[in-house]
Structures are given as C-alpha cells and as structure tokens.
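Encoded as structure tokens, the structure appears first; notes follow it.
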Amino acid sequence: MLALSEFLVALILFFLIAHFLKLQWAGRRLPPGPTPLPVIGNLWLLNFHIHHDQFIQLAKTYGNVFTVWLGQRPVIVLNGYRTVKDALVSHSEELTGRPTFPLQLATSGSKGIITSNGHIWKQQRRFGLMTLRNLGLGKRSLEERIQEEAQQLVEVFSAERGRPIDPLPFIVNAVANVICSVVFGHRFSIDDDVFHQLIEATAFLINARKHAWSRIYDLFPWLMERIPGPHKMLFHHWKQLRSYIKQEIRSHREHMTSEPQDLIDFYLNQISKTKGDPFSTYDEENMIQVVHDLFLAGSETTTTTLRWAVLYMVKYPEIQEKVQKELDAVLGSSHIICYEDRKRLPYTNAVIHEVQRYGNIVPVGVPRLCVKQTTLQEFPINKGTIVLPNLSSVLYDPEHWETPRRFNPSHFLDKEGNFVSKEAFIPFSAGQRVCLGEQLARTELFIFFTNLFRAFTFQLPAGTTRINSDIIVAATIQPHPYKICAIQRL
Ligand code: HEM
Ligand SMILES: *[C@@H]1O[C@H](CO)[C@@H](O)[C@H](O)[C@H]1NC(C)=O
C-alpha cells in the first residue's frame, strides 16, 4: 500500500519536473520573462488577471517585450508607443489572428468577426464594415438614429427632475438601442422585458472573463464541462442571446422588403447572392455570430466610456463648465447636433478624447495571434504565438503625454486652443484588426456627450462630497456604480 502511494507521488513529481523542463526548453527562444510553473504557468503571478499592476514591474525588469505563460501557452506582452505601434501597424499582416480558448470555442466557436480567423474573418469583417457604411447612406442614416436616441436620453434624464440617480440604465438603453437599430432595424422601449434580458445576458457574457472560473475553464475544459458552477450560467445566457437573434432572423425572412433596412436584411441578401459560391462563408451560423459580436462589442464599450465621461465631468466641474460655455457659444439650444459639429467645438472634442485616453477602458486590447513568422524588436515570433499589445502603455506613455496619469484635455489642444490629433491615441487599437465600430463609436460618444451637457449640469447629490473614481477590472475597465443629479440647464 505504502509502496503504491510512494510510487504515485514519485510519478506526479516526475511529471511536474518534466513539464517544468519542457516549458524551460520551449521558452529558450522567447523574449525574457518570469519562470513559469508546470501546468499553471505564471497564473499565480497574474492573480488570474492579465491587467494586474505587477506587470509594471515585469516591464521594468525584462523590457518592453516580455513573455508570460497563461497556463501552457506563452503570451508575448508589448509595452510602449514604439513597440506597440510597430507591431500593430508595421507588422499588421502577421498579427491579424486571434487565439482561441476552450471557453470561447464552446460558445462562439471560430465564427463571426471578433474571434474568427483567416478567410471567415476576412469575409465577415468586410461585410460588417460595408453594411455599416451602407446604413449610413440610406434615408434614415445611422447618424439620425443616434440623434433620435440622444433626444430620448435627454428626455429620460429630464423626467427624473434632478433626483439622485445612477445613469447606467439610461446610458445602456440609449447605446444598446443604437446597435439594435443597426442589426435588428428597431429600438426597444426602456421597460421592455426582452430588452432587459438581452442586456443582462450581454453584460454577463462580457464580464465572464473577470472571474477566476473562466480561466480555470480554459485550463481544464474537460473537467469543467462535467461539473456544475457559474460557468453553466454563461452557457445559459449565450443560448438566450442566440435564440433571440434566431427569432429576429426568422421574422426578417418573413417580412423582407425590397430595400434592406438593417444588418440582418443585408446578410440575408448576401446569402442569396453568394449561393453556389464555394468560397462563400455567408451562412446562418456566421450571421448569428456577427450580430452577436456587434451587440457585444458595441454596447458595453460605449456605455462604459460615457459613464466615465459623466463621472469625470462631475469630478472636474470646472472642465464641465468650460464644455458648456463652448456648447452655448457655438450651438443654439434647438440645433440638432451632428458629428460634423466637432470641428467647431475643439475644447469639447478634446475633452471626449481625453475621456477615452485617461479612461483607457480596454487596457491590454484584445489578444492577437501571430499568423506568420515575424520579428518584433529583434525577437523572433513564431506562427501560433499569442501577442498582447498593451494599449494603456501607449495611452499613458510618458514620452507622448505631458501628464499621462492626470485628466488633462490640453493633451489634445495646441496653444491657440485648436484641436490636435495624437499618434499615441489608440483606444480602438490599430492596424488591420482595428475596432470595426470605431467610426460608429466616435459618432455616438460625440452626439450623446454634447446633447447631455448642453441640456444638463451633472453634479453630486446634496450631502455627497466625493465621487469614487476607483476602477473595477472586468472585460473593460469600469467605474464603480455612482449616483449623480442631472440639473436641467435650459
Ligand atoms: C468606445 C467604444 C469602443 C472601444 C474603446 C472599442 C475598442 C476595441 C478594441 C481595442 C478592439 C480590439 C482591436 C484589436 O484586435 O486590436 C475592438 C474590436 C472590435 N470592436 Fe470595438 N470598441 C468600441 C466600440 C465598438 C462598437 C460601437 C462596435 C460595433 C459596431 C465595435 C465592434 C468591434 C468589433 C466587431 C471588433 C472585432 C474586430 C476584429 O476582430 O476584426 N466596437 N474594439
Ligand atoms: C500596461 O501598461 C500599463 C501602463 O504603463 C501598466 O500599468 C500595466 O502594468 C501594463 N500591463 C502589462 C500587461 O504589461
């Protein structure tokens, strides 16, 4: 008996040591980094979070290109403007891939846009971009839909009559409705139950990655498949979202008009047009995933940015006042604000850019996969290696920003107060896999922000002296829930 247990212990030890040596061997050609442990790699060091501050120390110790091990897979982390831009822009082609992880394979698979690769990715992405462009050209252009949503947003705030409120549900409602208009061709009212289910499901799916269980799933998928736990909720929400999208597709099929009105219409046309083409990837599964991807990528990011915008304006009332002065001087109260107006509003435009820079809501971007052998800062990078471009190291690069860790709209203004764009402003990433919704997001941020601050002064409720600007690390960097009062100005 004793002999057997001794034998087992020896066997496990042997495995761990063999694995340790294997990782050492595999790491010999990789950029430097901390020593990985068998099985879990450097996960102990990340505290299960890739955003952890311990990374600053790593960059200091090992330089702007270093390796950490996520379980058994090496991840090359890039830091600083020069390194990140060189990778994303000059090596764009070689870094267009996305790594796949077990949890994601069990849900979205390798379909759609965000997590797809190769030919599927190229076709679906091109289609997504083309459709956004087409929807902007129609009779009810995308910009008009955003303007209508902004109007609604001002109305719901107004109805609160300055009471202390958490702006989150109002903002989610407006932002998610823009995406609903794009993909489904209609908006939801704020008290629609289906809408709330969709938003709840989306939030759950997006925030899943902040939990340790999602990392554990990626390490031990076989085991996690077979035991109960919170990861089962993820599958539940995922199915819920899919079944709603399928229902929308069904009703679009039944009510096809000659002019496509939304993304699903365009997609159904595309499927008919490419029938018989052996290289076509336009099918129902990819359509569901594209809708799902746009919904996920397009709702939480813009919502979170607007929540930071309101929070910073409450925290820095003198900046809010300057924005309002500019809005009052340039726009009338009844003028319908369009994206073009940003050119007449340099200060306001600078503030919105600074909200995105300082807010830094997607700090380490979305992981890339090297699809072709390349060299980054003299390190050879093999096909199949995961690369993580640290966007915050660019948005906070001390060589490119005067006061990187202070909210300062002057980062985007010259001495005469004209707006200046900055090379190191990459909240949407860069290169061929840059955020597909960048144009849409910029238009939304501008139109929502200007409408809100033209109509209201946002301030702390009576008796509250401080707003909590600490961060919550989820899939995006989020503020803690807060309450403010929207005081009508006009
Ligand atoms: C403030 C708002 C937003 C921010 C900060 C943001 C940021 C990002 C970032 C950093 C990426 C990763 C790019 C890379 O791989 O390097 C990304 C990808 C993506 N975003 Fe956005 N995004 C925003 C809004 C939107 C909106 C409104 C949409 C919807 C139309 C959208 C759709 C996408 C899609 C589909 C991808 C995947 C692109 C691909 O893999 O080819 N995003 N976004
Ligand atoms: C990314 O850069 C920021 C700012 O320099 C730093 O705080 C963070 O630790 C870095 N993260 C990684 C993964 O290198």
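State the dimensionless ratio Rg/Rh of the stretch 220-363 (Rg: radius of gyration of Cα atoms; Rh: Kirkwood radius). Walk me through the numbers before you get to the answer.
Working: Rg = 22.3 Å, Rh = 19.8 Å.
Looking at the stretch 220-363, the ratio lands at 1.13.
On average over all directions, what projected area in square nanometres does the stretch 189-250 have, based on the convex hull of its Cα atoms?
Details: hull surface 20.9 nm².
Its Cα hull, projected and averaged over all orientations, spans 5.2 nm².
Take the Cα radius of gyration of the stretch 250-313 and divide it by 2.2 N^0.38 Å, with N its residue count; two decimals is plenty.
On the way: Rg = 16.7 Å, N = 64, 2.2 N^0.38 = 10.7 Å.
That works out to 1.56 for the stretch 250-313.
Considering only protein heavy atoms and a 1.4 Å probe, what is the carbon-and-sulfur percentage of the accessible area of the stretch 144-239?
Details: 2670 of 4600 Å².
Exposed carbon and sulfur together represent 58 percent of the surface.
Which value results when the Cα radius of gyration for the stretch 344-490 is divided by 2.2 N^0.38 Å? Walk me through the numbers before you get to the answer.
Numbers: Rg = 18.4 Å, N = 147, 2.2 N^0.38 = 14.7 Å.
Compactness ratio reported: 1.26.
Compute the helix-to-body angle for 231-254: its Cα long axis versus the longest principal axis of the chain, expressed 0 to 90° and rounded to tens.
Result, in degrees: 50.
Write down, largest first, the equivalent ellipsoid semi-axes of the stretch 371-429 in whole Å, where each equals the square root of 5 times an eigenvalue of the alpha-carbon gyration tensor.
Numbers: eigenvalues 211, 25, 19 Å².
Three semi-axes, in Å: 32, 11, 10.
By what distance, in whole Å, do the Cα atoms of the stretch 91-154 stretch along each of the three principal axes, largest value first?
Per principal axis, max minus min of the Cα coordinates gives 42, 25, 21 Å.
When the scattering of the stretch 277-344 is computed by the Debye formula from its Cα atoms alone, each counted once and equally, what is log10 I(q)/I(0) at q = 0.18 Å⁻¹?
For the stretch 277-344, the Cα-only Debye profile gives -0.87.
For the chain, what size does the Cα cloud have along each of its three principal axes, sorted from largest down, in whole Å?
Between the extreme Cα coordinates on each principal axis of the chain lie 84, 56, 46 Å.
Of the cross-linked pairs 122/210; 122/372; 111/239; 343/415, which ones have a Cα-Cα span greater than 19 Å in the structure shown? Please list the in-between numbers first.
Values: 122/210 29 Å; 122/372 16 Å; 111/239 15 Å; 343/415 17 Å.
Check vs 19 Å cut-off fails for 122/210.
Quick check for you: with a 1.4 Å probe and neighbouring chains kept, what is the accessible area per residue of the stretch 237-294, in Å²?
On a per-residue basis, the stretch 237-294 sits at 52 Å².
Ratio to report: Rg/Rh of the stretch 329-378, with Cα atoms as the point set and Rh obtained by the Kirkwood method; give two decimals.
Values: Rg = 19.1 Å, Rh = 14.9 Å.
Taking Rg over the Kirkwood Rh, I get 1.28.
I need the calculated FRET efficiency for the pair residue 100 and residue 399, taking r as the beta carbon distance and R₀ as 41 Å, to the nearest 0.05.
Working: r = 35 Å, r/R0 = 0.85.
With a Förster radius of 41 Å, E is 0.70.
Return the long-range amide H neighbours of residue 456 (sequence gap of 5 or more, or a different chain), with a cut-off of under 5 Å between placed amide H atoms.
Residues meeting the amide H criterion: 489.
Could you put 472, 336 in order of accessible surface area, largest first, with the 1.4 Å probe and the full protein assembly present?
Values: 472 45, 336 110 Å².
Listed by decreasing accessible area, they come as 336, 472.
Would you compute, for the Cα atoms of the stretch 137-296, the largest minus smallest coordinate along each principal axis and list the three values in descending order, in whole Å?
56, 50, 22
How large is ³J(HN,Hα), in whole Hz, for each residue of the stretch 212-229 in order, when computed from phi with the Karplus curve 6.51 cos²θ - 1.76 cosθ + 1.60 and θ = phi - 60°, using x for Gly and Pro?
Each residue of the stretch 212-229 in turn: 4, 4, 6, 5, 5, 4, 5, 7, 10, x, 4, 5, 5, 4, 9, 10, x, x Hz.
What nm distance separates the two modelled labels at residue 4 and residue 226, each placed 7 Å from Cα along Cα→Cβ?
2.0 nm
For helix 193-207, report the angle its Cα long axis makes with the longest principal axis of the Cα atoms of the chain; keep it between 0 and 90° and round to the nearest 10°.
The two axes meet at around 40 degrees.
Using amide H atoms built 1.01 Å from N in the peptide plane, name the residues 5+ places from residue 472, or on other chains, whose amide H lies under 5 Å from its own.
Amide H neighbours of residue 472: 478, 480.
Roughly what would the spin-label model give for residue 465 and residue 335, points 7 Å off Cα along C-beta, in nm?
According to this spin-label approximation, the distance is 4.0 nm.
With θ taken as phi - 60° and the coefficients 6.51, -1.76 and 1.60, list the Karplus ³J(HN,Hα) couplings across the stretch 109-116 in order, rounded to whole Hz; mark glycine and proline as x.
x, 10, 9, x, 10, 4, 10, 7
Once you charge only the Cβ atoms, +1 for Lys and Arg and -1 for Asp and Glu, what is the size of the charge dipole of the chain about its Cα centre, to the nearest 20 debye? Working shown, then result.
Values: 52 positive and 46 negative charges, 186 e Å.
Dipole size: approximately 900 debye.
Can you give me the orientation-averaged projected area of the convex hull built on the Cα atoms of the stretch 71-205, in nm²?
Values: hull surface 49.8 nm².
Average of the hull's projected areas for the stretch 71-205 equals 12.5 nm².
Between the DSSP loop rule and a limit of at most 12 other Cβ atoms within 10 Å, which trypsin sites (Lys or Arg not before Pro) in the stretch 201-310 are left? Provide the component values of the computation, followed by the final result.
Numbers: sites: 209, 210, 215, 226, 232, 239, 242, 246, 250, 253, 273, 275, 307; in loops: 226, 275.
Answer in residue order: 226, 275.
Mind listing the long-range amide H neighbours of residue 413? Cut-off is under 5 Å, sequence gap 5 or more, other chains count too, H placed in the peptide plane at 1.01 Å from N.
Sorted by chain and number, the residues that satisfy this are 420.
Once phi is turned into ³J(HN,Hα) by the Karplus curve 6.51 cos²θ - 1.76 cosθ + 1.60 with θ = phi - 60°, what whole-Hz value does each residue of the stretch 324-331 show in order, with x for glycine and proline?
In residue order, the calculated couplings are 5, 4, 5, 4, 5, 6, 9, 10 Hz.
The values are calculated or read from the model by the stated rules, or taken from the named source; none is laboratory data. Bear in mind the structure is a predicted one, so any value in this text is a computation, not a measurement. Note that we place each Cβ from the backbone using ideal geometry, even for glycine, and neighbour counts take in every protein chain shown. Just the protein is used for accessible areas: all its heavy atoms, side chains included, with ligands, DNA and RNA removed. Shrake-Rupley method; radii C 1.70, N 1.55, O 1.52, S 1.80 Å.
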